[in-house]
Amino acid sequence: MSDFFGVMAFYYACDQAAINGRLAAADIARCAEAYETVKIRFLSDEERAEFGLANGPRRAALDRSAYRRFKSWEEDHPGLIRALRNGERLSLL
């Protein structure tokens, strides 16, 4: 899980760089990949397997579901999100 939080911290750094207009073109693909990794983590194992094979409306539906779950999780964990956005090291038990 700590690797996942590392990816999340990178995603939030990308997000902040984009907001500030400092996201270099060379970093866009890496940031998009981090975002996709974070978002897809909020699908079930079965949905993740299906997502890899799906296209069209089904893939779009899974993508929206992952996004909504991610945003809901963010709302439920404001302290953790703040720490990740601030680049704090997280001690996980």
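Taken together, the values in this text are just the output of simple stated rules run on the coordinates, not laboratory data. Note that the structure is predicted; figures quoted are calculated from it, not measured. Note: ideal-geometry Cβ built from the backbone for every residue, glycine included; neighbour counts use all protein chains shown.
Can you tell me which of (1) assigned to a helix (DSSP H, G or I); (2) farther than 22 Å from Gly87 by Cα is the one Leu43 doesn't meet?
(1)
Would you check which residues across region 40-71 are surrounded by 10 or more Cβ atoms within 10 Å (Cβ to Cβ) and among the acidic types (Asp, Glu) and list them?
Hits for region 40-71 are Glu47, Glu50, Asp63.
Considering only region 18-42, state which residues are touching a Cys at 6+ places or on another chain (Cβ under 7 Å) and of a type in the set (A, V, I, L, M).
Leu23, Ala34
Taking the options Ala54, Ala25, Ala49, Ala29, name whichever one is of a type outside the set (Ser, Thr, Tyr) and touching a helix residue (DSSP H, G or I) at 6+ places or on another chain (Cβ under 9 Å).
On inspection, the qualifying residue turns out to be Ala54.
Being among the acidic types (Asp, Glu) and closer than 20 Å to Asp63 by Cβ, is that true of even one residue in region 17-27?
no
Restricting attention to region 18-39, and to residues there that are surrounded by fewer than 12 Cβ atoms within 10 Å (Cβ to Cβ) and of a type in the set (A, V, I, L, M, F, W, C), which single residue is nearest to Arg85 (Cα to Cα)?
Once the filter is applied, the top-ranked residue is Ile19.
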